[in-house]
Amino acid sequence: MLALPVQIADHLLMQKPHLVQFTRYPAAGECKSRLIPAVGAEGAAAIHRHLTEHIFDCLTKTDCRVTLAYTGEEASAFKQWLGTGAVFTAQTRGDLSQRLMAFVDDAPIIFFGSDTPDLSARHVSAAIAGLMTHRLVIGPALDGGYYLIGMREPLPQLFGDMPWSTDQVMPETLRRAQQMGIEPLLLEPLSDCDVPEDLQQWPALLELASKAQPSADIRRCTMKPAFES
């Protein structure tokens, strides 16, 4: 394993990680498309809106720098929706690999999606603390991907030519880490909410979707599903 120079390693250990959440604007028909057959376009948008808010709140309660990497609308729309607790940065063009790699040079960094209902402040804190002792921290998703990935130094090799949206993401990530001589810290596995079958785990999300109403003005969810603390 190639060791970092002592001065650089010490600097990275003392530096708080940059937290980056990826999401898109919750317009009906433009998000959570795989849930639409089960709950309709408005219902899927309501679920996506809630999950984005839930994870955003978990991140902005830390003392780390937070960036919301957005797509689907202008920054002003996201600020009106979510407030000013983060930096709002448009996702770069390209596939997910390219969008992630646009941020890796800002390591230490932890990436989050917006699909994990059971993510909590505890998981965020564990990831932040994990980078003090490990070069790589991963929160495995039960569908074979991950709900967060954090790195102490830039590791773009973990993102290029990745079979995204398959159950091979986590195994391939671990294989690449092993090839690089990196032993990752693995956090508690959690489920993502991506397909209709996933909704059985969270009846409160189904209730939220059933009460969704068409609206051109995206605001904070007024109904809070029961699984929130």
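Every number in this text was worked out from the coordinates using simple rules, so none of it is lab data. Everything quoted here is computed from the prediction, not taken from an experiment. Note that we place each Cβ from the backbone using ideal geometry, even for glycine, and neighbour counts take in every protein chain shown.
What's the longest uninterrupted piece of the chain once you rule out the GluC sites (Glu not before Pro) that are loop residues per DSSP with at most 15 other Cβ within 10 Å?
Longest site-free region, per DSSP loop and neighbour criteria: 75-227.
Computed over the Cα atoms of the range 66-176, what is the ratio Rg over Rh, Rh following Kirkwood?
Ratio value, two decimals: 0.95.
Per-residue HN-Hα couplings for the range 105-111, Karplus 6.51 cos²θ - 1.76 cosθ + 1.60 at θ = phi - 60°, whole Hz, x for Gly and Pro?
Values per residue, Gly and Pro as x: 5, 8, 4, x, 8, 10, 9 Hz.
Kindly express, to the nearest 10 degrees and within the range 0 to 90, the angle between helix 169-179's C-alpha long axis and the longest C-alpha principal axis of the chain.
Computed tilt is about 10 degrees.
What residues qualify as long-range amide H neighbours of Ala90, i.e. H under 5 Å apart, gap of 5 or more or another chain, H built at 1.01 Å from N?
Tyr70
Where does helix 36-60 land angle-wise versus the long Cα axis of the chain, in degrees 0 to 90, nearest 10?
Long axis of 36-60 versus the principal axis of the chain: about 50 degrees.
With a point put 7 Å past each Cα toward its Cβ, work out how far Glu207 is from Asp118 in nm, to one decimal.
1.9 nm
Using a Cα distance threshold of under 22 Å, what count of lysine pairs results for the chain when pairs must be 8 or more residues apart or interchain?
Eligible lysine pairs with Cα atoms under 22 Å apart amount to 8.
So what is the 222 nm mean residue ellipticity for the chain from helices alone, if each DSSP H run of at least 4 adds -39500 (n - 2.57) and you divide by all residues, rounding to the nearest 500 deg cm²/dmol?
-10000 deg cm²/dmol
In whole Hz and in residue order, list the ³J(HN,Hα) couplings for the range 83-100 that follow from phi through the Karplus curve 6.51 cos²θ - 1.76 cosθ + 1.60, θ = phi - 60°; x for Gly and Pro.
x, 10, x, 8, 8, 10, 10, 5, 5, 5, 5, x, 7, 4, 4, 5, 5, 6
How much net charge surrounds Ala121 when only the other residues with a Cβ under 10 Å from the Cβ of Ala121 are counted, with Lys and Arg +1 and Asp and Glu -1?
On the way: positive: Lys61, Arg122; negative: Asp57.
Residues near Ala121 contribute +1 overall.
Just in the range 133-221: which trypsin sites (Lys or Arg not before Pro) are loop by DSSP and have at most 13 other Cβ atoms within 10 Å?
For trypsin sites (Lys or Arg not before Pro) across the range 133-221 that sit outside H, G, I, E and B with at most 13 neighbouring Cβ atoms in 10 Å, the list reads Lys211, Arg219, Arg220.
From the backbone phi of the range 142-152, what are the Karplus-calculated ³J(HN,Hα) couplings (6.51 cos²θ - 1.76 cosθ + 1.60, θ = phi - 60°) in whole Hz, Gly and Pro given as x?
Whole-Hz 3J(HN,Hα) from phi for the range 142-152: 5, 8, x, x, 8, 9, 8, 9, x, 9, 7.
If you consider only alpha-carbon coordinates, what radius of gyration and Dmax does the chain have, in Å?
Rg, Dmax (Cα atoms, Å): 17.5, 56.
Would you pull out the residues with amide H under 5 Å of His134's amide H, same chain only if 5 or more places away, H placed 1.01 Å from N?
When sequence neighbours closer than 5 places are left aside, there are no close amide H contacts.
Do any trypsin sites (Lys or Arg not before Pro) in the range 72-121 lie in a DSSP loop with no more than 13 other beta carbon atoms within 10 Å, and if so, which?
Arg93
Could you compute the net charge surrounding Gln91? Neighbours are other residues with a C-beta less than 9 Å from the C-beta of Gln91; K and R count +1, D and E count -1.
Combined, the nearby Lys, Arg, Asp and Glu give +3.
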